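Read through the structure below, which is laid out as structure tokens, and then see the notes.
The values are calculated or read from the model by the stated rules, or taken from the named source; none is laboratory data. Nothing here was measured: the structure is a model prediction, and the numbers come from that model. Here the Cβ positions follow ideal geometry from the backbone for every residue, glycine too, while neighbour counts run over all protein chains shown.
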Amino acid sequence: MFTEAEIMDLIMTKDSKTEHLVNDIIDKPVEEHKITTKNVNVFYGDFKALKNISMKIRPFSVTALIGPSGCGKSTYLRVFNRMNDYINGFRLEGKVVIDGVNIYKDKIILEKLRKEVGMVFQKPNPFPKSIFDNVAYGLQIQGMKDKHFINERVETSLKKVVLWDEVKDDLKKNALALSGGQQQRLCIARTLAVEPNIILMDEPTSALDPISTGKIEELIFELKNEYTILIVTHNMQQAGRVSDRTAFFYLGELIEEGLTKNIFLNPKEERTENYITGRFG
Amino acid sequence: MIRTREQIIETFLLISAFITIFTTVGIILVLAIEAFKFFREVSVIEFFTSTEWTPLFTQKHYGILPLLSGTLLTSFIAILVALPIGLAIAIYLSEYAPKQFRTYVKPSLELLAAVPTVVYGFFALTVVTPFLQSFIPGMSGFNSLSAGFVMGIMIIPIVSSLSEDALNAVPASLREASYGMGSTRLQTAIKVTVPAASSGIVVSVILAISRAIGETMIVAIAAGQQPRFTINPLVPVETLTAYIVQVSLGDVQHNSVEYRTIFAAGITLFVFTFILNSVSHWLKNKYREKYE
Amino acid sequence: MNRITLNRIKDKGFLVTGIISTFIGLVLLLIFMADIFIEGAPRISWKFIVSLPSRIPERAGIYTAMMGSVWVLILTTIISFPIGVSAGIYLEEYAKQGRLSRLLEVNISNLAGVPSIIYGLLGLEIFARVMRLGSSVLAGSITLALLILPIIIVATRESIKAVPQSIRDASYALGASKWQTIYRQVLPASFGGILTGVILALSRAVGEAAPLIVVGALAYVPFAPRSPLDDFSILPIQIFNWISRPQHGFIVNAAAAIIILLIITFAMNGIAIYLRSRWQKRVSW
Ligand SMILES: Nc1ncnc2c1ncn2[C@@H]1O[C@H](COP(=O)(O)OP(=O)(O)O)[C@@H](O)[C@H]1O
Ligand SMILES: [Mg+2]
């Protein structure tokens, strides 16, 4: 278990967030990157799912990962919170550095890493528990006992995802009773409650209706002020609407990465253009 | 610190899983050691060839054949009951009955296996035997027929349930092809699905036999306690299991040959069921590959 | 034309055979139970339940055997539940695909096929003699616990398997450790199924007589056990003992005790089936 001080430390630190209060930094060169990957290869057994990926991601930006199914987007996303570790035969080569720490090499505690790097999944996956317990879960597993603190954090998290008004009278209700869109916002709130710096989203709206999708896109736009976000999406319009930068993957390779508007308006690679204009995918 | 706690928990869970290994090792060691001591005093040849088993008498003989024949006879009668009925149920449920019906019938049939075996023994002794005696003159009060019959009822669900699973696993395309050629459901069952599911059905029968061989209370109550090398279903016999019960109920000195006879009977029983279970296991894996 | 008619008749004939087969076992069971009920029900009274055993059938009761069964049931639960569930968790969540987990799996399925009386021989030699527990409730309970362990392990694994991976992913992604994820998400979500399996396993244990006879449980004990190291009898052994007596009065007693045993067994099965259906309804991801 953690000591009390460690817990407060875990929950309270926002170092990199307070250092950079820049907002629209997209065009300006930034020295310090939140995430750097260098020559990353990923294998599932003998199969090479990612080939030599190098990429830098700035803080407080939204990066969209696009590409046809099976090209390795999810695999790449799950590299950052080491969720691939549970897959049999998974192996990674290369460097993945977050805040100066090589997360595959240096002595890191997985649980702490995942507290810093939150994840929202493709299908809403609330726990079969109450709404409150879902949001409080992350704090509880860190050993947080202060009821008052937990209540407050649950409330602010639900407010951030604009779910508070819909559920505040029903916090004891089973989360599975919520609609799909509400469930996904709850899952985001659950992630926010742990106060990560980075949020990974794997096609977070693909299972949702257009209205819920719109709400979540607005939310992503808001969250950018506080978090570094990576989002996998199949939907070109969505990538255009929410992201600052876009990375195009194809058959395990990173074909092209750059400002979203450049990727969409004048891609350098023909394969990118073909994909964006819908010639395959 | 999280690490060590996780480590301790994993170790505890691993030990729990290993208790099953210890159990197997324990069973084999106990049986082997006591049987070894037994065979230091009794010749192996006598054990396998003598047709008399009288360790509790003054005139001692140690031939396992009477106990073995008693065991096989009661089990054979049980299978004679359970196989046709169980198979008919399986075919009926998989080829004829509506799905809805099946979901209610299957758990009800499981009930047959949930009844404690002393209860079946009571039925065999106080209901089935008097009933059979009323038209089989000369039938003894203890006999393998009643015990085997009741045991057969008990193992019906083993045959029906596993056979039905096997029949259901036969691809629908085979069935449709047969219907398409104008076959009736019965013809389809006999010519197509039962042959295709045959290994699964064999597995169910082997497991049912293994269950019957190891069954104790029914035979101890209704089949008698007279080791007899016979295939006559109307006279008292004694099975391996019933013999172990008989000795356990009496006062037998530890470390005596009499005490060790129950381990000799036990290891014989264990070897038989182990072989049957292993064969069924092997068959099951083989036919699983076929459809997956 | 003739051939076709014949085939259709055969087909219908089998339909009837199938229906009869399906119900014959259950009908026989009903007949048996009716017979037992007629014979034993008049004998059941409060006095029958709280009386000690006796040589005179009309005075004999099932108190000591009943208390012995309760003791055995409680101790067996205490021993088998944590071990069985832990082993199930280990196999489903921790064991890597490989030789070790293959070995464990094959071993467990083999154990499930070992006749119960063989467990009795194990208990007699190891628990009663080597561990010097004698023919005590504890020795009997450990024996039964080992006997039902495979059932509990298999039920635990099946229930854990039914918990969707997405729940685990979500928990890990929030920084939960493996055990936290299992303890707080996987186990609560699969608990209904595990409990169902455990109750079914215990209902089997309640009806077992053979292994306990071998361990040395007695047909006649004058007192109910007061500690885990006391001698004991159990309901099925009491029934067995009464069945073996020549006097008709004891057969009546056996029938009455069987009614009680059946009520206990069917109640446990009923609870298990109820839990399973409720649990299946609740968990529709
Ligand atoms: N658990 C796994 N085991 C083996 N191969 C996998 C696994 N998950 C994904 N893959 C393979 O890796 C490739 C990339 O998959 P993924 O990252 O899920 O693609 P995307 O998210 O872009 O659709 C695919 O070819 C897929 O078949
Ligand atoms: Mg994907």
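Side notes on the structure shown:
- Pair list, Cβ < 8 Å and 6+ apart or interchain, from the range A:220-236 residues that are free of Cβ contacts under 8 Å to residues at least 40 places away in the same chain to residues that are within 14 Å of ligand 1 (Cβ to nearest atom) and in a loop (DSSP other than H, G, I, E, B): A:235/A:206
- Unique match (being in a helix (DSSP H, G or I) and out of contact with any helix residue (DSSP H, G or I) (no Cβ under 9 Å at 6 or more places or on another chain)) among C:132, C:102: C:102
- Pairs with Cβ under 6 Å, 6+ apart, first in the range C:271-285 and within 14 Å of chain B (Cβ to nearest Cβ), second at pLDDT 60 or above: C:271/C:199; C:272/C:196; C:272/C:199; C:272/C:200; C:275/C:192; C:275/C:195; C:275/C:196; C:276/C:196
- Test: residue in the range A:93-110 that is facing chain C (nearest Cβ under 10 Å) and either surrounded by fewer than 22 Cβ atoms within 10 Å (Cβ to Cβ) or within 16 Å of ligand 2 (Cβ to nearest atom) (or both): yes
- Boolean, residue A:207 is surrounded by fewer than 17 Cβ atoms within 10 Å (Cβ to Cβ) and either within 16 Å of ligand 2 (Cβ to nearest atom) or not in a helix (DSSP H, G or I) (or both): yes
- Residue check, residue A:90 within 11 Å of another protein chain (Cβ to nearest Cβ), of a type in the set (Phe, Trp, Tyr) and touching a helix residue (DSSP H, G or I) at 6+ places or on another chain (Cβ under 6 Å): no
- In this structure, residue A:189 qualifies as closer than 23 Å to residue C:176 by Cα and either in contact (Cβ under 8 Å) with a residue 40 or more places away in the chain or surrounded by fewer than 19 Cβ atoms within 10 Å (Cβ to Cβ) (or both).
- Qualifying residue in the range A:164-176 (condition: buried (at least 19 other Cβ atoms within 10 Å of the Cβ), touching an Asp or Glu at 6+ places or on another chain (Cβ under 9 Å) and of a type in the set (Lys, Arg)): no
- Residues of the range B:256-284 that are polar (S, T, N, Q), more than 10 Å from every other protein chain (Cβ to nearest Cβ) and over 29 Å from residue B:124 (Cα atoms): B:256 alone.
- Condition broken by residue B:114, with the remaining ones in (1) surrounded by 14 or more Cβ atoms within 10 Å (Cβ to Cβ); (2) within 25 Å of residue B:260 (Cα to Cα) satisfied: (2)
- Among the residues making up the range B:187-214, those that are within 13 Å of chain C (Cβ to nearest Cβ) and without any contact (Cβ under 8 Å) to a residue 60 or more places away in the chain are B:187, B:190, B:191, B:211, B:214.
- Selection of the range A:52-69 for residues being β-branched (Val, Ile, Thr) and more than 16 Å from ligand 2 (Cβ to nearest atom) yields A:57, A:62.
- Criterion violated by residue C:143 - all others in (1) of a type outside the set (A, V, I, L, M, F, W, C); (2) assigned to a helix (DSSP H, G or I); (3) within 14 Å of chain A (Cβ to nearest Cβ) satisfied: (3)
- Top-ranked residue in the range A:75-88 [being assigned to a helix (DSSP H, G or I) and in contact with a Leu (Cβ under 9 Å, 6 or more places away or on another chain); ranked as nearest to ligand 1 (Cβ to nearest atom)]: A:75
- Positions within the range A:102-129 being in contact with an Asp or Glu (Cβ under 9 Å, 6 or more places away or on another chain) and in a strand (DSSP E or B), in sequence order: A:118, A:119, A:120
- Every listed requirement among (1) away from ligand 1 (no atom under 15 Å from the Cβ); (2) among the charged types (D, E, K, R); (3) within 30 Å of residue A:173 (Cβ to Cβ) is met by residue A:95 save one, (3).
- Pair list, Cβ under 7 Å, 6 or more apart: the range A:69-85 residue within 11 Å of chain C (Cβ to nearest Cβ), other residue of a type in the set (Asp, Glu) and more than 8 Å from ligand 2 (Cβ to nearest atom): A:83/C:169
- Answer residue from the range C:6-46, given it is exposed (fewer than 11 other Cβ atoms within 10 Å of the Cβ) and more than 21 Å from residue B:91 (Cα to Cα) and is farthest from the other protein chains (Cβ to nearest Cβ) among those: C:46
- Residue that is farthest from residue C:256 (Cα to Cα), among those in the range B:85-110 that are at the interface with another protein chain (Cβ under 7 Å from one of its Cβ atoms) and free of Cβ contacts under 8 Å to residues at least 24 places away in the same chain: B:92
- Those residues of the range C:83-115 which are among the hydroxyl-bearing types (Ser, Thr, Tyr) and more than 7 Å from every other protein chain (Cβ to nearest Cβ), in sequence order: C:101
- Flag for residue C:73 being assigned to a helix (DSSP H, G or I), more than 10 Å from chain B (Cβ to nearest Cβ) and either at positive phi or not small (Gly, Ala, Ser) (or both): yes
- Residues in the range A:218-238 that are over 21 Å from residue A:33 (Cα atoms), modelled with pLDDT of 90 or more and within 16 Å of ligand 2 (Cβ to nearest atom): A:233, A:238.
- Evaluation of residue C:253 against the conditions (1) crowded, with 19+ Cβ neighbours inside 10 Å; (2) more than 23 Å from the chain's Cα centre (by Cα); (3) at the interface with another protein chain (Cβ under 10 Å from one of its Cβ atoms) shows that the sole unmet condition is (3).
- Of all residues in the range A:51-74 being near ligand 1 (Cβ under 8 Å from one of its atoms) and more than 13 Å from residue A:200 (Cα to Cα), the one that is surrounded by the fewest Cβ atoms within 10 Å (Cβ to Cβ): A:69
- Qualifying residue in the range A:218-230 (condition: under 25 Å from residue A:277 (Cβ atoms), away from ligand 1 (no atom under 16 Å from the Cβ) and over 18 Å from the mean Cα position of the chain (by Cα)): no
- Residue count for the range B:48-59, restricted to those that are touching a residue at least 60 places away in the same chain (Cβ under 8 Å) and either under 13 Å from residue B:238 (Cα atoms) or surrounded by fewer than 20 Cβ atoms within 10 Å (Cβ to Cβ) (or both): 5.
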